[in-house]
Amino acid sequence: MKGWFLVLFLIITAGGSVLSAAAFFYIAKSQSKFVKILVFALCTLVIAIGVRFYEETYYSFYDMSYIKGLQYAAMAGLDWLITWFALLPLVIVGTAVAFIKRHGKRGGVHKVHSVDTGRRRFLKRAVLVPVGAGLVTTFGLTDGNACVVTERQTLTFKSLPAELDGYIIGHISDMHVGVFLGPDDLGRAIDKVAENNADILVITGDLADEMCLVPECGDVLAGKVSRFRDGIYFCYGNHEYFHDVQYVTTMLKNAGVHILRNEGVVVRPQRFPGQAFFLAATDYSFAKTREAFERQAKEFTKQALRGRPQDMFAVLLAHHPDFFDPAAVAGVSLVLSGHTHGGQLVFAAPVASLKYAYLRGLYRQGDTYCYVNRGTGHWLPLRIGCSREITIHTLHTV
């Protein structure tokens, strides 16, 4: 996260955290609650400023020996902000209930509540709410940052030549190398793909967010290209354009990575002499309206497939999964995408699905498959029930 997006995120989470704490102290009938709210607000402000400082000035100390300590401190700060913000709906309901109980009337007489054994028991249990939420958030942050799983997909196609049966495509996406995941994490992800005997590696965009780490990413990629018989291919995501697309492009070319932008190539697999398939990729669309996006997606897909030999098995890389629709119409057999991060939180999937028709996993339209990678990385490390992934696609003929 950078710039105004980061500032807005911190304002919302910090403000929500203070409101949550204020409501919690009200529900608990805490003594000196105004002082406690003030102290909480000051601590939250310091945390928000610290997180912003870490993310915005990372480039100035990323190579220092203490960088891991700062990373853990930033994650702890996010833990605080997200935990208390997430409690806001619950404490709002609790505040309403507490207010009604304290100010409700029966027969014109105000209810009087004393601090008894039952209330003390309630307070002890109430403390468990933020503690429990904090533990869940802590798990989501630490596991989300540390764990990357290998998803294996076995896909069958009528259009795949029998001689290409068993071809393996490795797929990573949305690595977002930056303040929480570094070039070494990129290297480990690529190694995992190579260990699964992938013939080719495809990267569907959003490789790096911190430009100071781009040279190291280049070193990692250059050292891994030889592990894939048919090379490494890349398509652009939105974050390449958010930062410095030319800088990233130069790095990728120098590392020996093939970049496809609204174009395609005929790949001749080394493991299957005499065979070939068409690999294409689209650019990212920044169209402002749904109608404009659909038009541009159709046009980009058409451009990408322009050099495709007639009836040749085709794979399309597209950062945004909504390119699946025009690709299916165009007769592409397999679309590989990312962008959505799978929603990152399993319970957020219903909301995320309102924006993304294809959120994560495998989809099918007729004879066309689309796989949406959940993201091999992230820019916000919180993940619950939606781990980072590398994907191994093994292709078979019917």
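The values are calculated or read from the model by the stated rules, or taken from the named source; none is laboratory data. All figures in this text were calculated on a predicted structure; none of them were measured in a lab. Cβ atoms come from the backbone with ideal geometry, glycine included; neighbour counts cover every protein chain shown.
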message = I need every pair where a residue in segment 311-334 that is at pLDDT 95 or above has its Cβ under 6 Å from the Cβ of a residue that is among the basic types (Lys, Arg) and assigned to a loop (DSSP other than H, G, I, E, B), sequence separation at least 6 or different chains.
response = ALA314/ARG308
message = Name the single residue that is surrounded by the most Cβ atoms within 10 Å (Cβ to Cβ) among those in segment 278-293 being polar (S, T, N, Q) and touching a residue at least 24 places away in the same chain (Cβ under 8 Å).
response = THR282
task = Select from segment 198-208 the residues that are under 16 Å from GLN246 (Cβ atoms) and either in contact (Cβ under 8 Å) with a residue 60 or more places away in the chain or surrounded by fewer than 24 Cβ atoms within 10 Å (Cβ to Cβ) (or both) and list them in ascending order.
result = GLY205
key: Evaluation of THR249 against (1) touching a Lys or Arg at 6+ places or on another chain (Cβ under 7 Å); (2) free of Cβ contacts under 8 Å to residues at least 12 places away in the same chain (one fails), failing number   = (1)
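Yes/no matrix, rows are residues, columns are (1) touching a helix residue (DSSP H, G or I) at 6+ places or on another chain (Cβ under 8 Å); (2) assigned to a strand (DSSP E or B); (3) assigned by the TED database to the domain that holds ALA76; (4) among the polar types (S, T, N, Q):
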| residue | (1), (2), (3), (4) |
| --- | --- |
| THR301 | yes, no, no, yes |
| ASP322 | yes, no, no, no |
| LEU359 | yes, no, no, no |
| TYR371 | no, yes, no, no |
| LEU382 | yes, no, no, no |
| CYS386 | yes, no, no, no |
| ILE392 | yes, yes, no, no |
message = Residues that are free of Cβ contacts under 8 Å to residues at least 12 places away in the same chain, farther than 17 Å from THR137 by Cβ and either among the basic types (Lys, Arg) or buried (at least 18 other Cβ atoms within 10 Å of the Cβ) (or both): does segment 16-23 have at least one?
response = no
inquiry  = When you check ASN238 against the structure, is it assigned by the TED database to the domain that holds GLU216, in contact with a helix residue (DSSP H, G or I) (Cβ under 6 Å, 6 or more places away or on another chain) and surrounded by fewer than 19 Cβ atoms within 10 Å (Cβ to Cβ), yes or no?
reply    = no
remark   = By residue number, the members of segment 24-60 that are part of a helix (DSSP H, G or I), of a type in the set (S, T, N, Q) and loosely packed, with under 14 Cβ neighbours inside 10 Å are SER60
request  = With respect to GLN275, determine if the residue is in a loop (DSSP other than H, G, I, E, B), surrounded by 13 or more Cβ atoms within 10 Å (Cβ to Cβ), touching an Asp or Glu at 6+ places or on another chain (Cβ under 9 Å) and not small (Gly, Ala, Ser).
outcome  = yes
